[in-house]
Every structure is written in C-alpha cells, then in structure tokens.
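Trainee: If you scroll down you'll find the structure; I have some questions about it.
The values are calculated or read from the model by the stated rules, or taken from the named source; none is laboratory data. A quick note: this is a predicted structure, and the numbers were derived from the prediction, not measured. Note that each Cβ is placed from the backbone with ideal geometry, even for glycine, and that neighbours are counted across all protein chains shown. Please note that ligands, DNA and RNA were not included when accessible areas were found on the heavy atoms of the full protein model with its side chains. Shrake-Rupley method; radii C 1.70, N 1.55, O 1.52, S 1.80 Å.
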Amino acid sequence: MGKKKKRGESEAEWEPLNIERNKEQNDVHLGNGDSQEQKKKKKKKSKEMVKEENVLKEKPTVSIALAGSIIDNTQSLELATRLAGQIARASTIFRIDEVVVFDNIGSSVDSSDPTLEDGSNDDESGAAFLLRILKYMETPQYLRKSLFPMHNNLRYVGSLPPLDAPHHLRKHEWAPYREGVTLKDRNLTSGGTLVDVGLSKPVAIDQVSGPGIRVTVSMGAERSLDADIPHQVVSSSTPREDAGMYWGYKVRYAPNISSVFKNCLYKGGYDHVIGTSEHGIVMKSSDLTLPSFRHLLIAFGGLAGLEECIEEDNNLKGKSAKEVFDLYLNTCPHQGSRTIRTEEAIFISLQYLQEPINSVLQKF
C-alpha cells in the first residue's frame, strides 16, 4: 500500500510538471503566433509609410480655370492671339501647373479636346482657339513643326513674346531633362526609338514608340550624345518633383464649369478651390492663410463673371458662387475701371495670391 502511495505521490508530483511544460509549449506557440502577427503589422505599417512618403514627395500643384468666351470679345484674330499669349505668359511667370479652359455649355458631357478635330479652318469656338494657342506656346520651339500642323488660327503666333520657360532650351544648352518628339528611325545597336530633343543629333531612348509622340527624356549629368547609350523616358512631372524645376503647364478642356471640378486629372480632385470676382470678400493678401492643399484651383469668369457661368451650368442650378467655391475673393478692390478683363485679372490675382501660395509650398 505504501508503494502504491509513493507511486501515486510521484504521479501527482509529475502532473504539475507536465502541465507547466505544456503551458510553456503553448506559450511558445502563442509567442510565435504573436510574432507572426507583429511581422504582418510591421509589413503593413511599412507599406503605409512608403505610401505616405510618396504622397509627401508629390509637390502641391496650382491650376487656373478660365472661360473660353473671353476670346469672343476680341475684334480680330491678331488681338485674340495676343490675348491668349498674355494668358500663356502669366501662367508661366507664376509657375502654373495646369490651365483649364471651359465653355458655357449647360449640360454637355463631352470633354474631348476640340483642337483634335479634323480641319484647319478658323471657324472654331473661343475655347478651342484658346486651347490651341496655349498648347502651341507651351511647346518648345524646336518641337512645334513636328507637333502642330498648319492651321489658320496659328497665323499670328510668331509675333507673340516667347515664354522662355526652363524646358524651352536652346541648342547649346544642356539640362538634366529635355522635351523631345519620337522619330520613325531606330537605333541600330539598341533597337530603341530615336528622339529629336533639339540638339545637333537625335538621342536613343530605352523603349520603342511610334513617331510624333512628345516625351520627356532624362539626359543625365554628362554631355554625351552617344547614340549607343539609350536614355530613359520619364514622366513629364519628374523634373518638377525630383529636381524642383518648373516644367510648363498642361492644358485641359471642360464643357462647363462643373466639369472643371468633376473631370479633374489629379487623384482626389482639387482640395481647395478659389473663385475671383468683384463680388467676393475683400481682405489683404498678408492676412490670407491658405490650408495645406495638394491641388489648388483658381477660377476666373468670362465676360459676365463666374456668377453667369454657374447660372448657365445645369449641374449647379440653384447654387451660389459662395457655395461652389471654398473661398470667393475680390483681389482688386477699389478698381478705377468698371470692368477688369480676364487677362488682367489673372495677373492681378496670381500676384495677390503669390505670398499665401508660397507659404504652403515651402512646407513641402
């Protein structure tokens, strides 16, 4: 009986040890499970951080929108061309990233570019005319013959002052990037397409493309035109985001003012929208603080202002200008003239907003 008792006692002694071991093993398994979950969480966190870094890397953009109807008020083709040239100059001087030209078509959903339609006659809308001149002026001089066919409405563009933008490079100038147009020919060694970048001879790129396509080419730091070394084609936003260079403006068409917001090309749309009008609020530029925007839009009306553009847009029926815009400003109070022309308003307003915009841009 004593032996059995001892045996029972020994079994009783082993039981807690076994329980403890099992518990330790379970704890190890649980510990491993926790570490796997932690790894997953860390991986997810690192992906989120990369996304945040990419968002922070993207520099904020500034766009302007204006009514194409301002061209209808001009008395001749030469004066219309000069007006468009002034808008191109203002956009470049103030480093505007996008110019949106909108029509006053009440319910149209067709946002296709009217300048891409066949025909070379001068019977086109004010918006189409303005789009054509703005695109032509933004294009480097050495690419214009390749990218723009003959058109009657381009008759007086030669008399306009050049934009002299950073991407409008001369033949003797070297820069990290150049705009180019793809040619029919290919490089014999690499097989890549040859591109005219405005230098003494074309350069090869690292891909095959059809002719007549505008591309942004990374030229590198060394002044080398060795055709056997293919150059990389980059996004047109790369010079701006990586090197901090102003690289011209993009041009977009909108059938009405609501389409300006709805068809925004930037992810997430415009996060801050400013309207300009003599009926807007009056405040000093130094007192204006803008929120940390990603994509800012500044809108200018036609002959009768933004109010008429909103009234004629079926998608904005019943809305006031102050409901459409985050901020409705009068950038030129106490004006001596009863009217301020749109091309004048653009210069005045962009100068007025220069300090508030730069305060935001300096954060990035």
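Trainee: Which one is farthest from the chain's Cα centre (by Cα) among residues in the stretch 186-200 that are within 15 Å of Leu225 (Cβ to Cβ) and assigned to a strand (DSSP E or B)?
Mentor: Leu194
Trainee: Further, regarding this structure: Which condition breaks for Cys309 when tested against (1) in contact with a helix residue (DSSP H, G or I) (Cβ under 6 Å, 6 or more places away or on another chain); (2) assigned to a loop (DSSP other than H, G, I, E, B); (3) not charged (D, E, K, R)?
Mentor: Here Cys309 clears every test but (2).
Trainee: Tell me which residues, restricted to the stretch 161-172, are at negative phi and within 26 Å of the chain's Cα centre (by Cα).
Mentor: Scanning the stretch 161-172 gives Pro161, Pro162, Leu163, Ala165, Pro166, His167, His168, Leu169, Arg170.
Trainee: OK, next. Between residues in the stretch 282-300 that are under 15 Å from Gln354 (Cα atoms) and residues that are open to solvent by 80 Å² or more (accessible area, probe 1.4 Å) and of a type in the set (Lys, Arg), which pairs lie under 8 Å by C-beta distance while being six or more apart or on different chains?
Mentor: Ser292/Lys363
Trainee: I'm trying to understand the selection: among the residues of the stretch 306-329, which are farther than 18 Å from Pro255 by Cβ and not hydroxyl-bearing (Ser, Thr, Tyr)?
Mentor: Glu307, Gly318, Ala321, Lys322, Glu323, Phe325, Asp326, Leu327, Leu329
Trainee: Contact list please: Cβ distance under 8 Å, first residue in the stretch 141-166 and in a helix (DSSP H, G or I), second residue open to solvent by less than 70 Å² (accessible area, probe 1.4 Å) and of a type in the set (Lys, Arg), pairs at least six apart or on different chains.
Mentor: Within 8 Å, the pairs are Asn153/Arg132; Leu154/Arg132.
Trainee: Pick out the one residue from Leu188, Leu154, Leu160 that is open to solvent by 50 Å² or more (accessible area, probe 1.4 Å) and farther than 21 Å from Ser235 by Cβ.
Mentor: Selected residue: Leu188, the only one of Leu188, Leu154, Leu160 that is open to solvent by 50 Å² or more (accessible area, probe 1.4 Å) and farther than 21 Å from Ser235 by Cβ.
Trainee: Then there's this: Being under 23 Å from Glu138 (Cα atoms) and surrounded by 19 or more Cβ atoms within 10 Å (Cβ to Cβ) is true for just one of Thr276, Thr182. Which residue is that?
Mentor: Going through Thr276, Thr182 in turn, just one is under 23 Å from Glu138 (Cα atoms) and surrounded by 19 or more Cβ atoms within 10 Å (Cβ to Cβ): Thr182.
Trainee: Only one residue in Ser286, Ser320, Ser349 is among the hydroxyl-bearing types (Ser, Thr, Tyr) and open to solvent by less than 30 Å² (accessible area, probe 1.4 Å). Which one?
Mentor: Exactly one of Ser286, Ser320, Ser349 is among the hydroxyl-bearing types (Ser, Thr, Tyr) and open to solvent by less than 30 Å² (accessible area, probe 1.4 Å), namely Ser349.
Trainee: Only residues in the stretch 323-342 that are farther than 14 Å from Met283 by Cα count as the first member; pair them with residues that are open to solvent by 30 Å² or more (accessible area, probe 1.4 Å) and in a loop (DSSP other than H, G, I, E, B), Cβ under 8 angstrom, at least 6 apart or cross-chain, and list the lot.
Mentor: Ile340/Cys332
Trainee: Right, something else. Any residue in the stretch 212-221 that is at pLDDT 95 or above, open to solvent by 50 Å² or more (accessible area, probe 1.4 Å), in contact with a Ser or Thr (Cβ under 8 Å, 6 or more places away or on another chain) and not in a helix (DSSP H, G or I)?
Mentor: Within the stretch 212-221 (the criterion being at pLDDT 95 or above, open to solvent by 50 Å² or more (accessible area, probe 1.4 Å), in contact with a Ser or Thr (Cβ under 8 Å, 6 or more places away or on another chain) and not in a helix (DSSP H, G or I)), the answer is yes, since at least one residue qualifies.
Trainee: Suppose we filter Ile70, Ile96, Ile105 for residues that are open to solvent by 40 Å² or more (accessible area, probe 1.4 Å) and at pLDDT 65 or above; which single one remains?
Mentor: On inspection, the qualifying residue turns out to be Ile105.
Trainee: State all residues of the stretch 75-92 that are open to solvent by 30 Å² or more (accessible area, probe 1.4 Å) and more than 19 Å from Thr276 (Cα to Cα); if no residue qualifies, say none.
Mentor: Gln75, Ser76, Leu77, Glu78, Leu79, Arg82, Arg89
Trainee: Please enumerate the residues belonging to the stretch 212-243 that are of a type outside the set (D, E, K, R), out of contact with any Asp or Glu (no Cβ under 9 Å at 6 or more places or on another chain) and free of Cβ contacts under 8 Å to residues at least 60 places away in the same chain.
Mentor: Kept after step one, since they are of a type outside the set (D, E, K, R), are these residues of the stretch 212-243: 212-213, 215-221, 224-225, 227, 229-239, 243.
From what's left, out of contact with any Asp or Glu (no Cβ under 9 Å at 6 or more places or on another chain): 212-213, 218-221, 224-225, 227, 229, 238-239, 243.
Across the stretch 212-243, the qualifying residues are Ile213, Ser218, Met219, Gly220, Ala221, Ser224, Leu225, Ala227, Ile229.
Trainee: Could you tell me which of the residues Tyr246, Tyr328 is open to solvent by less than 60 Å² (accessible area, probe 1.4 Å), part of a loop (DSSP other than H, G, I, E, B) and touching a His at 6+ places or on another chain (Cβ under 9 Å)?
Mentor: Tyr246
Trainee: On to the next question. Would you pick out the residues in the stretch 136-160 that are over 26 Å from the mean Cα position of the chain (by Cα) and of a type in the set (Ser, Thr, Tyr)?
Mentor: Scanning the stretch 136-160 gives Tyr156, Ser159.
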